[in-house]
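The values are calculated or read from the model by the stated rules, or taken from the named source; none is laboratory data. These numbers were taken from a predicted model, which means no experiment stands behind them. Here the Cβ positions follow ideal geometry from the backbone for every residue, glycine too, while neighbour counts run over all protein chains shown. Note: areas computed on protein heavy atoms with side chains; ligands, DNA, RNA excluded. Shrake-Rupley method; radii C 1.70, N 1.55, O 1.52, S 1.80 Å.
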Amino acid sequence: MSDLPPFIEVEDFAGEDFTEKWRVCLEELYRTYLDTVAFGNLRFRGLPVRCQFRPMTFGKHFAFWHMMQEGKIEDDRHIDLQRCRRVRWISWVIQNSENEPRIRVFEQAPRNRERSYVLWLDEEDYAVILWRRNDYYLLKTAFLLKEHKKKEFARDWEKYKSGQNG
């Protein structure tokens, strides 16, 4: 999709080796996240989208790390360069979710009392997850879908379309 924001690539940054380039890239990723997501005045269905700032880790917001890393155990997550390179997509998906037919928007069946909304850019296997709160949406995460998640979302999408997911 040519209209998606461009990737941020580690190789494009100055440095003698990957470690040096990564340090510079990480700061750019965080600046981009702050500008376009955390302080980007994002809205979904008329309500603001907010991010979880605490606990701060290595001087960066919790939500930032959660969207740049993968893993089931919070204290044992690791950087996912595929998530990192798509940091600009987070705001694009949210901003375009209500008028872009390529984005499937649906509420998942309640899990653990959370009302999760999926913004699924199906053609790119990319999703943004929002949790409904009283007067805002909390940005939970954004990631590339693995095969099992694609199947889960496809089932949830079909149930949503038929009114059977609530």
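Here is how the numbers come out for the structure above:
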item: Virtual spin-label span in nm between ASN134 and ALA14, 7 Å along Cα→Cβ; result: 4.9
item: 0 to 90° range, to nearest 10: angle between helix 147-162 axis and the chain longest Cα axis; result: 30
item: Shape of segment 91-162, Cα gyration tensor, a/c cut at 1.5; result: rounded
item: Angle in degrees between helix 18-33 and the longest Cα principal axis of the chain, rounded to the nearest 10; result: 40
item: Most fluctuating residue given options TRP22, TRP65, TRP120, as computed from a GNM of the chain linking Cα atoms under 10 Å; result: TRP22
item: Amide hydrogen neighbours beyond the local backbone of ASP80, cut-off 5 Å, H modeled; result: GLN69, GLU70
item: Sequence of PHE13, PHE64, PHE39 from largest to smallest accessible area, 1.4 Å probe; result: PHE39, PHE13, PHE64
item: Among ASP135, ASP75, ASP12: highest mean-square fluctuation, GNM of the chain, C-alpha pairs under 10 Å; result: ASP75
item: 3J(HN,Hα) from dihedral phi, segment 117-126, Karplus parametrisation 6.51/-1.76/1.60, rounded to Hz, x for glycine, proline; result: 10, 9, 10, 10, 7, 3, 4, 9, 6, 10
item: Top of ILE129, ILE103, ILE79 by mean-square fluctuation, Gaussian network on the chain, Cα under 10 Å; result: ILE79
item: Length added when fully stretched, LYS150-MET56, from 0.36 nm per residue minus Cα-Cα; result: 30.7 nm
item: Residues GLU158 and ARG45, FRET efficiency given R0 of 22 Å [Cβ-Cβ distance, rounded to 0.05]; result: 0.55
item: Value of [θ]222 nm, deg cm²/dmol, for the chain, DSSP H segments ≥ 4, -39500 (n - 2.57) each, nearest 500; result: -10000 deg cm²/dmol
item: Label-zone membership for segment 62-102, site GLU123, 7 angstrom Cα→C-beta point, backbone N under 19 Å; result: 86-102
item: Using alpha-carbon coordinates, inclination of helix 87-96 to the longest axis of the chain, degrees; result: 30
item: Exceeding the 30 Å Cα-Cα cut-off - candidates LYS60/LYS151; LYS140/LYS161; LYS60/LYS161; result: LYS60/LYS151; LYS60/LYS161
